[in-house]
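Nothing in this text is a laboratory measurement; each read-out follows from the coordinates by a stated rule. Please read these numbers as outputs of a predicted model, since none were measured by experiment. Using ideal geometry, Cβ is built from the backbone for each residue, glycine included, and neighbour counts are taken over all protein chains shown.
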């Protein structure tokens, strides 16, 4: 049975912010987006990040264990691209899987089948889409120019940071399998 929930802290093992990845797209330049992942439980939770385009992105850390109520920042880096995508549209997606693990678990000691759906564990999945932003476009509403200032929307390097405000976000659907 699959249960679909919104990305709400009280309903999931982990909370992910933001719930879509925005990259300022420029030819032959890397761009990054930071994801803040928070454990919403009083148990250790392991996570793993997967993507539909592993050669295009560098994710660190891509696997980890969060202690109860702890957070970490995952940096997703878009590698330098040689050509523009059609209409600046991106079909790439990310999947962040999470599951409860034992209190003494360490990322290096996780069993190979930790995120295998057939392992008998409850695996929670959160899907994140990728959005490319052209360097000369502004974020947010036309009346609100604060989105292009550091600390809100894109930072000084044109990348989305964990301080991004929630009105730039769209609902992310997460499912429990």
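Here are the numbers for the structure shown:
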| quantity | calculated |
| --- | --- |
| Packing rank of 73-85, 34-46, where each peptide gets the mean count of other beta carbons within 10 Å, highest leading | 34-46, 73-85 |
| Packing-based exposure ordering (other Cβ within 10 Å, fewest first) of 17, 67 | 67, 17 |
| Percent RCO, i.e. relative contact order, over the stretch 47-113, from Cα pairs under 8 Å lying at least 6 residues apart | 44 |
| Peptides 104-111, 127-134 ordered by average Cβ neighbours within 10 Å, highest first | 127-134, 104-111 |
